[in-house]
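Below is a structure I'd like to ask you about.
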């Protein structure tokens, strides 16, 4: 029985393992090697000189990195605050309404992200849904709300909303009602119940949700391009430019590697602290 | 801890407002798609559905639809099969590298997609493969097959391993167990995973951007037209793409509903 489990386990993991090996780990290795190649070469058969990394730190690319991570952190913070009450409602208060919200949110995920962002452009631009109607109905007008940093953060919050919401719901559902009841019977205020019971016991959901929205926002590009115009250049944008217009693959690879290292270490750190069996509905073992 | 009535009402209201907020941009695109004017301004003065007609007649749009459809269908089929086995390895069997495997599966989901697309482009170049819609299938699979694995794994967690053991004790071969017990038990998970796979591939943009080569998918074309050289077809093509997703979603939900009665073990799990 045990032996058979081991063999079948390995065999079942093989197909997806193979896909990830050939088309995930191998490409990462390739950009890893490209990143140490001399400037503007297109082959892996050169003598490494690490010049791209020097360029990254001298040519002000750290600014884009800071923008990306700063905006990602801000949007993750905002997401936590706006998702918590809703997630709490979905896990503990709503009954069938919770299913309605789940379906409504999942359906938006199936609409291409750039169509939705384009929708925000139409909504927020001068002469758009909001400004246009406001002007005809009240005569009041303003200069559209696009092309600045706050609107990019707004776009990130909008785009990654489900990635914070669902893990939080899952996390809050893991908090036993008895514990909350007991704390409140013993005289804990609402705020204390939140801090001492809800927060620590739903931590796995918070970690996954925070990690997902942060990581996805840090690597995002469409929000800053469509909503932000060219107000700030984010890191993913720099990477794309280096590969396409810049025709400098080593530089693009070095930038990617830096982004991957930061994101990767965060994810590995976060994921290793969470019991995946438990959060996905398995039994405590 | 009973919640006061007012707080409950406020939470419900918050939920409704959130849904409205999520759908507001889609509503805007919907209005824009039926505006008669070539250069759109709100409020819309005259409504017209001519852009839909033009979009459907356009051979460019037909090509885009076809490419997107081919990619999504292939991705769906492959990721369902791969996800089925992956989910068993993820959730069900106790084998040596299970924990490592679980983490490996999560990594592509956490990965910035545009960067993944570029990395794949480098890789294809190193291998001498010319990018086309077929390479986009590979790119989509890297991201989507972990997702189907997770969806099916949720289902796999909820069934009792004793069912499989019982079948094996009664002399069923590994293949028979798979076909008669595991397969039917996981079927609802596999169907919803397939639905997710199709819809996520259909709408995906960052992975396609660098990996389709000379071919182009619907979301890629839309993006190109949004960033430069706006076309009045953009809103109507966007709505057509959304409509396709919704029709498929409905078909999927109906399939799931039809599969329900046959799934006689589902109430037997001890989860």
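In this structure, does residue B:170 turn out to be farther than 21 Å from residue A:217 by Cα, more than 21 Å from the chain's Cα centre (by Cα) and surrounded by fewer than 19 Cβ atoms within 10 Å (Cβ to Cβ)?
yes
Then there is this: Give just the number: which of (1) touching a residue at least 60 places away in the same chain (Cβ under 8 Å); (2) in a helix (DSSP H, G or I); (3) closer than 13 Å to residue A:121 by Cα does residue B:40 not satisfy?
(2)
Determine whether the stretch A:110-129 contains at least one residue that is closer than 15 Å to residue A:166 by Cβ and either at the interface with another protein chain (Cβ under 7 Å from one of its Cβ atoms) or at pLDDT 90 or above (or both).
yes
Of all the residues that make up the stretch B:114-131, how many are buried (at least 19 other Cβ atoms within 10 Å of the Cβ) and within 7 Å of chain A (Cβ to nearest Cβ)?
Total satisfying the criteria: 7.
If a residue has to be free of Cβ contacts under 8 Å to residues at least 24 places away in the same chain, within 10 Å of chain B (Cβ to nearest Cβ) and assigned to a helix (DSSP H, G or I) to count, how many in the stretch A:198-245 make the cut?
Residues meeting the conditions: 5.
Under 6 Å between Cβ atoms, which residue pairs at least 6 apart in sequence (or on different chains) link something in the stretch A:154-168 that is within 12 Å of chain B (Cβ to nearest Cβ) with a partner that is outside any helix (DSSP H, G or I)?
Pairs that qualify, where the first residue is within 12 Å of chain B (Cβ to nearest Cβ) and the partner is outside any helix (DSSP H, G or I), are A:155/A:227.
Quick check: anything in the stretch A:142-150 closer than 30 Å to residue A:198 by Cβ, more than 10 Å from chain B (Cβ to nearest Cβ), surrounded by 20 or more Cβ atoms within 10 Å (Cβ to Cβ) and under 29 Å from the mean Cα position of the chain (by Cα)?
no
For residue B:224, all conditions in the list (1) in contact (Cβ under 8 Å) with a residue 40 or more places away in the chain; (2) in a helix (DSSP H, G or I) hold save one; what is the number of the exception?
All conditions are met except number (1).
Which numbered condition in (1) at pLDDT 85 or above; (2) closer than 21 Å to residue A:28 by Cα is the only one that residue B:110 fails?
Tallying (1) at pLDDT 85 or above; (2) closer than 21 Å to residue A:28 by Cα, residue B:110 fails exactly one: (1).
Please go through the stretch A:41-67 and pick out each residue that is within 14 Å of chain B (Cβ to nearest Cβ) and in a loop (DSSP other than H, G, I, E, B).
A:41, A:42, A:43, A:44, A:45, A:46
I've got another one for you. Take residue B:240 and tell me if it is surrounded by fewer than 23 Cβ atoms within 10 Å (Cβ to Cβ), within 11 Å of chain A (Cβ to nearest Cβ), over 12 Å from residue A:110 (Cα atoms) and at pLDDT 85 or above.
yes
Just one of the numbered conditions (1) more than 8 Å from chain B (Cβ to nearest Cβ); (2) touching a helix residue (DSSP H, G or I) at 6+ places or on another chain (Cβ under 7 Å); (3) within 30 Å of residue A:194 (Cα to Cα) is not true of residue A:86; which one?
It fails just one condition, (1).
Turning to a different aspect of this structure: Collect the residues in the stretch A:74-114 that are surrounded by fewer than 16 Cβ atoms within 10 Å (Cβ to Cβ) and over 30 Å from residue B:251 (Cβ atoms), keeping them in residue-number order.
Correct list: A:77, A:81.
With (1) over 30 Å from residue B:56 (Cα atoms); (2) at pLDDT below 85; (3) part of a helix (DSSP H, G or I) as the list, and residue B:167 as the residue in question, which single condition is left unmet?
Condition (2) is where residue B:167 drops out.
Same structure, new question: May I ask you to verify whether residue A:20 is surrounded by 15 or more Cβ atoms within 10 Å (Cβ to Cβ), more than 9 Å from every other protein chain (Cβ to nearest Cβ), over 30 Å from residue B:246 (Cβ atoms) and at pLDDT 85 or above?
It is false that residue A:20 is surrounded by 15 or more Cβ atoms within 10 Å (Cβ to Cβ), more than 9 Å from every other protein chain (Cβ to nearest Cβ), over 30 Å from residue B:246 (Cβ atoms) and at pLDDT 85 or above.
Related question: Residues being more than 7 Å from every other protein chain (Cβ to nearest Cβ), more than 13 Å from residue A:14 (Cβ to Cβ) and out of contact with any helix residue (DSSP H, G or I) (no Cβ under 6 Å at 6 or more places or on another chain): count how many of those fall in the stretch B:81-106.
Number satisfying all stated conditions: 2.
Moving on to the next point. Tell me, yes or no, whether the stretch B:49-64 has at least one residue that is facing chain A (nearest Cβ under 8 Å), farther than 29 Å from residue B:196 by Cα and at pLDDT below 80.
No: the stretch B:49-64 contains no residue that is facing chain A (nearest Cβ under 8 Å), farther than 29 Å from residue B:196 by Cα and at pLDDT below 80.
Could I ask something else about it? Please determine whether any residue of the stretch A:112-120 is in a loop (DSSP other than H, G, I, E, B) and more than 18 Å from the chain's Cα centre (by Cα).
Scanning the stretch A:112-120, I find no residue that is in a loop (DSSP other than H, G, I, E, B) and more than 18 Å from the chain's Cα centre (by Cα), so the answer is no.
What number of residues within the stretch B:1-44 are more than 25 Å from the chain's Cα centre (by Cα), within 20 Å of residue A:119 (Cβ to Cβ) and more than 8 Å from every other protein chain (Cβ to nearest Cβ)?
Selection size over the stretch B:1-44: 8.
Yes or no: the stretch B:74-97 includes at least one residue that is under 18 Å from residue B:218 (Cβ atoms) and buried (at least 22 other Cβ atoms within 10 Å of the Cβ).
yes
Check residue A:45 against each of (1) over 24 Å from residue B:111 (Cβ atoms); (2) in contact with a helix residue (DSSP H, G or I) (Cβ under 7 Å, 6 or more places away or on another chain) and name the one condition it does not meet.
Residue A:45 satisfies every listed condition except (2).
The values are calculated or read from the model by the stated rules, or taken from the named source; none is laboratory data. As the structure is a prediction and not an experimental result, all values here were calculated from the model. Ideal geometry is used to build each Cβ from the backbone, glycine not excepted, and the neighbour counts take in all protein chains shown.
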